[in-house]
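Down below is the structure, laid out as structure tokens.
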Amino acid sequence: MMMFLKMMSMFIVELFYLLRTCTAEAVDENLVQTFFSFSKFHILIATMFVLILTKQFYNLSTSNKVYLIDFSCYQPPTWLRAPVCSNLEHYEQGKYFNKETMDFVTKLLLRSGIGSNTHFPRVMSSIPPEPCLEDSLQEVKDIVFTSVEDLFHKTNITNPKIIDILIVNCSMFSPTPSISSMIINKFQLRSNISSYTLSGMGCSAGLVSISLAKDLLKVHKNSLVLILSFEILTNSGYFGRKKSMLLSNTLFRMGGAAILLSNKRQDRKIAKYSLQHIIRTTMSYDDQSYRAVYLEPDEDGLVGVSLAKDITKVAVKALTTNITKLGPRVLPYSEQLRYGLTYARHKISPPAKTDGSIPVPNFKKAFEHFCIHAGGRAVINVVQKSLSLTDEDTEASRMTLYRYGNTSASSVWYELGYIEAKGRMKVGDRVWQIAFGSGFKCNSAVWKCTSKNDATVKNAWSDRIGRYPVEVPEVFDY
């Protein structure tokens, strides 16, 4: 920027010199006399005015940039591992369910697509588990404190007081003092930090936090934002008989992520990604969507999260609405034209054999990588089919589900970590994060890789990335 201003100053000086030395034949004599009739003060004011306008134009063109410096995903210790066989044995010994319910739970676990390297919080290893407030707070400390410390280590932050904004999203646990206050106390963040805690927003809350950070950074210049996305499972277990509530027991696992964002111009050189777009869609006005993921008591008074049978249809509906807004922003004009003609032909003369679905654009023209929320095998399948993606496109999502399970809002960060660990991320690549959540919501974040990816840098996949991908059977052996 300073070099640019110097060039402008030199340009004005040269112009001044040119007008002063030109002959009457080259420049009208009256024009020259008029120019030099101004005092030096007027010339100085005019020069400053041009420089200020130039600087303001430059600031406007770069002020809204949001950079992702780095992120860290929590890797639970091995002693918290929860293999499928151990889960089933735990349920049997605890005698929580009758035979019919136990058969249903067994079927769900064996068909879930979740492997034997996922993790549960420490209280779940007790028979029977007797969770209390202290257990939930301990889970927060295990996930959040570890993730933040790892992120600070990766980004060389030795003084946490440089953090300007703190955003925490956790749907199922909201203590007093808040989790953001716990983090401020633990890491001794400064007294005037802007802190926010989001709850009840489900698995899409991680991208809601990104959206909030983007809006805040429009106001807070030269700021750093620390985002924590995770879920607390200690008090979320359901041991009733309602089948729609038993699904959450088989899907959700322990996990979390810490993300560091910045709008500082000097951070462009060290940032991994820059935020291109964030598109949020909520379908709460529709009753079917609103009740698709719903916390409520069953007929016996036991509280659990109910997942509707038609949740995949609700997800497709929300995704369709979301990509309607996203498409024009990311697709090349050629693909938009091709899609427009295909859509018109489909409407005017529908094909003889059709399932009634509407054709979608080829989003592989806009993105090199896809991070689909690992909400479950059925969710990944329906998004893959809806967007006409290949198995390679959904590999990161399926491997995240297999190794870590549904870690709620942090799952898209485990998927991004998988792509990095595989060495597939290149400078200029664009990645699409898609998250679904209660409400019902579908949120999209588009990132562009801005620096060379070093696959040797340690992350949550580094210990065994060479083993993936693996073939995930439709039904696990037991």
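Quick check on my link table: of 214/264; 365/448; 186/214; 243/385; 65/317, which ones sit more than 22 Å apart, alpha carbon to alpha carbon?
186/214; 243/385; 65/317
Taking other residues whose beta carbon is less than 10 angstrom from the beta carbon of residue 474, and scoring Lys, Arg as +1 and Asp, Glu as -1, yields +2.
Our analysis of segment 182-250 gives Rg over Rh at 1.12, with the two radii drawn from alpha carbon positions and Rh computed by the Kirkwood formula.
Cross-link partners for residue 154 among the lysines, with Cα-Cα distance under 16 Å and sequence neighbours closer than 8 places in the same chain left out: 269, 272, 452, 458.
Working note: Cα gyration tensor of segment 142-209, eigenvalues times five, square-rooted, sorted largest first, giving semi-axes of 21, 14, 11 Å. Could you tell me how far the Cα centroid of segment 200-257 sits from the Cα centroid of segment 399-473, in Å? So the two Cα centres are separated by 16 Å. Debye-formula intensities of segment 271-389, expressed as log10 I(q)/I(0) at q = 0.10, 0.21, 0.23 Å⁻¹, are -0.42, -1.36, -1.47 (one equal scatterer per alpha-carbon, no solvent). Roughly what % of Cα-Cα distances in segment 122-274 sit above 22 Å, to the whole percent? Pairs farther apart than 22 Å: 44 percent. Of the peptides 395-405, 362-372, 381-391, the order by per-residue mean of other Cβ atoms within 10 Å, starting with the highest, comes out as 395-405, 362-372, 381-391. Nonpolar atom fraction for segment 254-377, defined as the carbon and sulfur part of the 1.4 Å probe accessible area, stands at 56 percent. The packing ranking, built from the mean of other Cβ atoms within 10 Å per residue, places the peptides 311-318, 187-194, 431-438 in the order 431-438, 311-318, 187-194, highest first. In the calculated pair-distance distribution of segment 324-445, the portion above 24 angstrom amounts to 33 percent of the Cα-Cα pairs. The alpha-carbon atoms of segment 61-135 define a convex hull whose volume equals 184 cubic angstrom per residue. Net charge in the neighbourhood of residue 432 (other residues with Cβ under 15 Å of its Cβ; Lys, Arg +1, Asp, Glu -1) is +1. Each peptide in 67-77, 99-109, 199-209 gets a packing score, the mean of other Cβ atoms within 10 Å over its residues, and the list from highest to lowest is 199-209, 67-77, 99-109.
The values are calculated or read from the model by the stated rules, or taken from the named source; none is laboratory data. Values in this document were obtained by computation on a predicted structure and should not be read as measured data. Cβ: placed from backbone, ideal geometry, glycine included. Neighbour counts: every protein chain shown. What goes into the accessible areas is simple: the full protein's heavy atoms, side chains included, and nothing from ligands, DNA or RNA. Shrake-Rupley method; radii C 1.70, N 1.55, O 1.52, S 1.80 Å.
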